[in-house]
Protein chains: 4
Amino acid sequence: MQTEIKVSEKVKLKNPVLVEGLPGIGNVGRVAAGYLVSELKMKKFAELYSPHFLPLVILHDSSVAQLLKCEFYYYKSKTRDIVILTGDTQSISPEGHYEVCEKILDFAEKLGVKEIITLGGFAEGKEIKEPRIIGAVNDKPLLKKYGGHDIDFGKEHPVGTIVGASGLLLGMGRLKGMDGLCLMGETYGVPVMTDPKAADQLLHVLTKILGVKVDLSKLEKIIKEMEEKIQQTEKIHKKILEELPKQQKGEDVRYIG
Amino acid sequence: MQTEIKVSEKVKLKNPVLVEGLPGIGNVGRVAAGYLVSELKMKKFAELYSPHFLPLVILHDSSVAQLLKCEFYYYKSKTRDIVILTGDTQSISPEGHYEVCEKILDFAEKLGVKEIITLGGFAEGKEIKEPRIIGAVNDKPLLKKYGGHDIDFGKEHPVGTIVGASGLLLGMGRLKGMDGLCLMGETYGVPVMTDPKAADQLLHVLTKILGVKVDLSKLEKIIKEMEEKIQQTEKIHKKILEELPKQQKGEDVRYIG
Amino acid sequence: MQTEIKVSEKVKLKNPVLVEGLPGIGNVGRVAAGYLVSELKMKKFAELYSPHFLPLVILHDSSVAQLLKCEFYYYKSKTRDIVILTGDTQSISPEGHYEVCEKILDFAEKLGVKEIITLGGFAEGKEIKEPRIIGAVNDKPLLKKYGGHDIDFGKEHPVGTIVGASGLLLGMGRLKGMDGLCLMGETYGVPVMTDPKAADQLLHVLTKILGVKVDLSKLEKIIKEMEEKIQQTEKIHKKILEELPKQQKGEDVRYIG
Amino acid sequence: MQTEIKVSEKVKLKNPVLVEGLPGIGNVGRVAAGYLVSELKMKKFAELYSPHFLPLVILHDSSVAQLLKCEFYYYKSKTRDIVILTGDTQSISPEGHYEVCEKILDFAEKLGVKEIITLGGFAEGKEIKEPRIIGAVNDKPLLKKYGGHDIDFGKEHPVGTIVGASGLLLGMGRLKGMDGLCLMGETYGVPVMTDPKAADQLLHVLTKILGVKVDLSKLEKIIKEMEEKIQQTEKIHKKILEELPKQQKGEDVRYIG
């Protein structure tokens, strides 16, 4: 069995941008992506399954079993379309990360994606009152493109490395000629605690880049509605973190996408 | 080498239901499946071998070496036929779980299977006097179908996840359009101790669903006869549990199928 | 890269028996096989390389680097020919064990092998004055065939499982219709200490089965000559043992082939 | 996804020698290779990516994300051409080491490479005032060929094994008929501390073998300029060392290439 994307609706998209928000530190990316899906009433059109996810099913509503999966949603606008990738989990093996990201990029390529934005949290290891949005790109000229936004590309943030899908999609996307931006909301970084403040800040920046208007006042409410899913995500994510080699949780690598 | 199913007898089955009972917590599923095989005098028609099992042979009768394997048995009845999947072990790697379950489902599909029932124990972490049977399905409408039986689908049992074959067969079966039910007998959950009481309760529910009559009075006697195999299974299973990532044995994930 | 057998000489063999002696507990199998190769002046005709061995080279004569490998030797006699498989190491991953053994058996099949004898040590965990040879077969009728030899197939030796090539070659060989016998010399079981006494006892039984005459008086001398290779083997083997999941070194599984 | 080499410039080379210097103990090989690339103004013509590297991107200049990769550079001279292989990292799995080295050798073969020189540090576990260069070859006759250089092939250096690319390229290269030499600079061996003294000594020997003139006086300066890259390499390398099985860092195996 290989990583597989099951398409439920064939869609034609206009210059789509791919936005990835999978579980990670502070669930910042996952929550921000989920909020966009909900507020923009985006439609699911594909699911991704992988043998590199934990070998288990989640029970929804206490008794309905579902495989771990990632999901693709689309949104059509007048200017350009948006594809959001979110889901329950990331790969649990290093090789699996590469395989899953390659499948995502192959699929994105077919959809016509030429720009990727990945979302995540950046664990500062201390309480953050006013979370900044820290950025990384996959090509130097892009620093100018995104320079006008409230993103910190500065040297005072020695992120160093970006682990997992948020990083690999940028690096591997470059090899396919796709532009990539990673947005990381500063957060405490205790893995299993959702940080709505960082997600809120992330959404402020992201919606401007995407050119969509989203009422952010409902974020905390939606997070509460998403609670069951989030808790399961957090349990799964906690497991993955525990399975990751120790050093990936160490001092030097403070970010996981 | 890949996971492989060796068919010893070609069988034509009438609307068969697949019942899986592999080693797991309290050996509940394994023992219940084994009892059915014995009482219904079911016939073995296929064996499954996998490089994802522990790399060892078991010595039967002290000196006859056999690869670890799973086995398929069939039973023909007037109404519908039954296929039972039981065996020595489950996969020892996460990816292996997916591969083994995919092979099982491909095989089941060819046999005409459209319904799967997986059996397991649910570790409560304390002594259980009157074990309930906790259930999960792989599609919400199935809750009604199985609602008439003595199965607890209630919210007060936060199973959360089902690890291993009992879970994956449900989740992956759904993708193939197969209905799935998981039955879990409440048990203490010390991994290496067979729990006949939970197996007995499980068989009461299962035989009603399957529409077969089985004398359950011999269960404890049969378990004693199965003792050598069970002990080996328990040793192997203990090893697998020790190899599983710690968190899969932790508080949050109290079930392994 | 896959496990690969490089043949240096094409040989035609008469009803050959395959004898496996790879590093393991007490190096009993490895030393016995090496002694036969040396005394019978057997000729190497193939080498096996695998990505499932440790990723390193051994330096022979202090400065000549060689990949880890297994080696096939042949011996032609009037009655039946002998193929010996020995080498530096075994696989370091569970899946690798299956892959390597499958390649060996495919190769053996092409050579016309219908009988396999695997050699190993059986760790008793205490000093053994008069090591017995404990046996296992891969088909019950074979107990009679080998019954006349000084092999203990009795119930008082709860070997339980045979881990690694010595076990898998038997189990997987059965699926190819090959008869298999495993001979285990009782030894203390400290992994990194060669036990010539158990190897000597093993050779007494083995040479009778093979119908060859070998002067066993030089065993200790030859072991000294093999010392450099043995030490390297022992280092490598120690590493593999350390990499094995803990339970494979535990009480219940006292044998590794 | 598989290990892949992306060629950016097709080059025709004259009897090229492949010199490998990847991260390892004391970064000796990596630094020596990088210095040659810089001093000889070598040109990059290919990059290697692999799913067996850590699943992360490195941020260059604080915010430009790049996949982990190895790089091939070439240098044309009057007599024979040189290809240097250097990069961010080595494989993190045993099987990955074999796969990556096979891809490298397939590529080298197409370039016409018949001789390989691999560079590394040899961890002595104590301070080294005058680092010697310890050598290993992949064929005994080569001892004469390289005998005239200041290389210690003597028995008093029980290197025993060479782990990783520096070892496997020699061993696997032999199977392709390529001559191989490994040069190891004696160093303390604390993994995450670059040792310019050992690199300097290594370059003295290497440049003589390659027949190129290189001003070594700038080595320390260049190492300072390479500092950002080196620090990242060291972080990555530290992670890989932590992921390696314990015994590969133990007493018996004091070298990692």
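The values are calculated or read from the model by the stated rules, or taken from the named source; none is laboratory data. Only a predicted model underlies this, so the values are computations on that prediction, with no experimental measurement involved. Please note: Cβ atoms are built from the backbone with ideal geometry, for glycine as well, and neighbour counts cover all protein chains shown.
Among residues of the range B:109-133 being in contact with an Asp or Glu (Cβ under 9 Å, 6 or more places away or on another chain) and β-branched (Val, Ile, Thr), the one that is farthest from residue B:182 (Cα to Cα) is B:128.
Look at (1) assigned to a strand (DSSP E or B); (2) within 16 Å of residue A:177 (Cα to Cα) and you find that residue A:106 fails only one, number (1). Among the residues making up the range A:138-148, those that are over 19 Å from residue D:49 (Cα atoms) and either crowded, with 23+ Cβ neighbours inside 10 Å or at the interface with chain D (Cβ under 9 Å from one of its Cβ atoms) (or both) are A:140, A:142, A:143. Apart from one condition, residue A:119 fits all of (1) surrounded by fewer than 19 Cβ atoms within 10 Å (Cβ to Cβ); (2) hydrophobic (A, V, I, L, M, F, W, C); (3) under 30 Å from residue A:11 (Cα atoms); the exception is (1). If you go through the range C:65-87 and keep only what is surrounded by fewer than 22 Cβ atoms within 10 Å (Cβ to Cβ) and outside any strand (DSSP E or B), you end up with C:69, C:76, C:77, C:78, C:79, C:80, C:81. The number of residues in the range C:95-106 that are within 16 Å of the chain's Cα centre (by Cα) and either surrounded by fewer than 22 Cβ atoms within 10 Å (Cβ to Cβ) or more than 9 Å from chain B (Cβ to nearest Cβ) (or both) comes to 5.
Count of the range B:205-215 residues, restricted to those that are over 15 Å from residue B:21 (Cβ atoms) and either touching a residue at least 60 places away in the same chain (Cβ under 8 Å) or touching a Gly at 6+ places or on another chain (Cβ under 8 Å) (or both), is 2.
Of the residues making up the range B:33-69, those that are at pLDDT below 95 and of a type in the set (S, T, N, Q) are B:38, B:62, B:63.
Residue count for the range A:80-94 satisfying the condition of being of a type in the set (Asp, Glu) and more than 11 Å from every other protein chain (Cβ to nearest Cβ): 1.
The rows are residues; the columns are (1) β-branched (Val, Ile, Thr); (2) more than 29 Å from residue A:224 (Cβ to Cβ); (3) in a loop (DSSP other than H, G, I, E, B).
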| position | (1), (2), (3) |
| --- | --- |
| A:121 | no, no, no |
| A:127 | no, no, yes |
| A:171 | no, yes, no |
| A:184 | no, no, no |
| A:200 | no, no, no |
| A:208 | no, no, no |
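Checked against (1) buried (at least 24 other Cβ atoms within 10 Å of the Cβ); (2) in contact (Cβ under 8 Å) with a residue 60 or more places away in the chain; (3) within 11 Å of another protein chain (Cβ to nearest Cβ), residue B:201 passes all but condition (3). Every condition in (1) surrounded by 15 or more Cβ atoms within 10 Å (Cβ to Cβ); (2) out of contact with any Pro (no Cβ under 7 Å at 6 or more places or on another chain) holds for residue B:221 except the one numbered (1). Between D:39, D:47, D:20, D:4, which is within 14 Å of chain A (Cβ to nearest Cβ), among the charged types (D, E, K, R) and in contact (Cβ under 8 Å) with a residue 60 or more places away in the chain? Result: D:4 is the single residue among D:39, D:47, D:20, D:4 that is within 14 Å of chain A (Cβ to nearest Cβ), among the charged types (D, E, K, R) and in contact (Cβ under 8 Å) with a residue 60 or more places away in the chain. Here residue B:151 passes the criteria (1) surrounded by fewer than 21 Cβ atoms within 10 Å (Cβ to Cβ); (2) of a type outside the set (D, E, K, R); (3) without any contact (Cβ under 8 Å) to a residue 60 or more places away in the chain except the one numbered (1). Scanning the range A:217-249 for residues that are in contact with a Ser or Thr (Cβ under 8 Å, 6 or more places away or on another chain) and modelled with pLDDT under 70 returns A:237, A:240. Take residue C:186 and tell me if it is crowded, with 24+ Cβ neighbours inside 10 Å and in contact (Cβ under 8 Å) with a residue 40 or more places away in the chain. Yes: the conditions hold for residue C:186. Restricting the range A:37-52 to residues that are surrounded by fewer than 24 Cβ atoms within 10 Å (Cβ to Cβ), in contact with a strand residue (DSSP E or B) (Cβ under 8 Å, 6 or more places away or on another chain) and not charged (D, E, K, R), the residue that is nearest to residue A:119 (Cα to Cα) is A:37. The listed residues are A:92, A:134, and the only one of them that is over 14 Å from the mean Cα position of the chain (by Cα), assigned to a strand (DSSP E or B) and within 24 Å of residue A:26 (Cα to Cα) turns out to be A:134. Within the range D:11-35, count every residue that is surrounded by fewer than 24 Cβ atoms within 10 Å (Cβ to Cβ) and of a type in the set (A, V, I, L, M, F, W, C). Number satisfying all stated conditions: 3.
Does residue D:75 meet the test of being over 19 Å from residue A:95 (Cα atoms) and aromatic (Phe, Trp, Tyr)? It is true that residue D:75 is over 19 Å from residue A:95 (Cα atoms) and aromatic (Phe, Trp, Tyr). Filtering the range A:122-137 to residues that are of a type in the set (Asp, Glu) and surrounded by 15 or more Cβ atoms within 10 Å (Cβ to Cβ) leaves only A:124. Within the range B:152-177, being within 12 Å of another protein chain (Cβ to nearest Cβ) and modelled with pLDDT of 95 or more holds for B:165, B:166, B:167, B:168, B:169, B:170, B:171, B:172, B:173, B:174, B:175, B:176.
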